[in-house]
Amino acid sequence: MKGLDDILLLGDPRLYEVCEPVEQEELSQVAGWVQDMHDVMAAIRTEYGFGRAIAAPQLGIMKRLIYMNIDKPVVFINPEFTYLSDELFELWDDCMSLPMLFVKVKRHQKATIKFLDEKWQEQEWSLEGDLSELLQHEYDHLDGILCTMRAIDDQSFKWRR
Ligand SMILES: [Zn+2]
């Protein structure tokens with residue numbers, strides 16, 4: 001079972017790579033990848049008290065795959081934003097790959113995301129606020145972008161207590 005030690009941490013070069021799409025013939029592997037993401041996220045929640053979603057590359061799985069579990073588990077395969085609002089908002093972001101650090105960033109207030117679910121069915125969700133910024137954060141991981149790279153300015157970093 002995967003755990004805390006399996007998460008890639010800030011500075012690991014794999015976190016800066018652009019991930020490959022999941023191919024339909026890889027669908028049988030997705031459940032195993034999702035299980036690993038689920039287990040690691042559970043370990044992070046226990047250790048640090050946060051964690052709503054995780055991107056596959058954070059475990060070194062270089063695939064365009066996101067797992068979110070807030071009220072229920074949701075798997076986003078090959079997600080794409082089809083809409084991002086002009087309106088932005090600021091927040092202190094956190095990330096399991098830099099668990100002691102908060103980073104102040106700007107995110108789009110509203111977004112629409114299109115993706116395939118674990119049955120390879122196309123889904124489209126409209127997101128606002130918390131969910132919108134969460135999916136923008138996770139999507140960035142698929143393009144090798146960390147929230148540290150979106151810091152608003154030099155003072156947009158805060159250590160967690
Ligand atoms: Zn993250």
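The values are calculated or read from the model by the stated rules, or taken from the named source; none is laboratory data. The shown structure was predicted, so the numbers you read here are calculated from the model rather than taken from an experiment. Methodologically, a virtual Cβ is constructed for each residue, glycine included, from the backbone with ideal geometry; neighbour enumeration extends over all protein chains shown. Calculation scope for accessible area: heavy atoms of the full protein, side chains included, ligands and nucleic acids excluded. Shrake-Rupley method; radii C 1.70, N 1.55, O 1.52, S 1.80 Å.
Restricted to strands (runs of 3 or more DSSP E) entirely inside region 102-161, those with at least 2 residues that are farther than 15 Å from Leu88 by Cβ and without any contact (Cβ under 8 Å) to a residue 24 or more places away in the chain are 122-128. Evaluate region 65-82: report whether one residue or more is hydroxyl-bearing (Ser, Thr, Tyr), touching a Pro at 6+ places or on another chain (Cβ under 8 Å) and either open to solvent by less than 30 Å² (accessible area, probe 1.4 Å) or within 13 Å of the ligand (Cβ to nearest atom) (or both). Among the residues of region 65-82, at least one is hydroxyl-bearing (Ser, Thr, Tyr), touching a Pro at 6+ places or on another chain (Cβ under 8 Å) and either open to solvent by less than 30 Å² (accessible area, probe 1.4 Å) or within 13 Å of the ligand (Cβ to nearest atom) (or both), which makes the answer yes. Gln123 meets the conditions (1) away from the ligand (no atom under 15 Å from the Cβ); (2) buried (at least 16 other Cβ atoms within 10 Å of the Cβ) in every case but one. The failed one is (2). Could you say whether any residue in region 108-117 is away from the ligand (no atom under 16 Å from the Cβ), among the small types (Gly, Ala, Ser) and touching a helix residue (DSSP H, G or I) at 6+ places or on another chain (Cβ under 8 Å)? Yes, the conditions are met somewhere in region 108-117.
Return a yes/no flag: does region 88-98 have any residue that is within 17 Å of the chain's Cα centre (by Cα), of a type outside the set (Gly, Ala, Ser) and open to solvent by 50 Å² or more (accessible area, probe 1.4 Å). Walk me through how you get there before you give the answer.
Our first condition is that a residue be within 17 Å of the chain's Cα centre (by Cα); within region 88-98, this holds for 91-98.
Cutting the leftovers down to of a type outside the set (Gly, Ala, Ser) gives us 91-96, 98.
Checking the rest, the ones that are also open to solvent by 50 Å² or more (accessible area, probe 1.4 Å) come to 92.
Yes, some residue in region 88-98 is within 17 Å of the chain's Cα centre (by Cα), of a type outside the set (Gly, Ala, Ser) and open to solvent by 50 Å² or more (accessible area, probe 1.4 Å).
Within region 40-55, can one find any residue that is without any contact (Cβ under 8 Å) to a residue 24 or more places away in the chain, open to solvent by 10 Å² or more (accessible area, probe 1.4 Å) and touching a strand residue (DSSP E or B) at 6+ places or on another chain (Cβ under 6 Å)? Looking for residues that are without any contact (Cβ under 8 Å) to a residue 24 or more places away in the chain, open to solvent by 10 Å² or more (accessible area, probe 1.4 Å) and touching a strand residue (DSSP E or B) at 6+ places or on another chain (Cβ under 6 Å), one finds none in region 40-55, hence no. For region 131-161, the candidate set comprises residues that are of a type in the set (D, E, K, R) and within 15 Å of the ligand (Cβ to nearest atom); within that set, the residue that is farthest from Ile66 (Cα to Cα) is Arg160.
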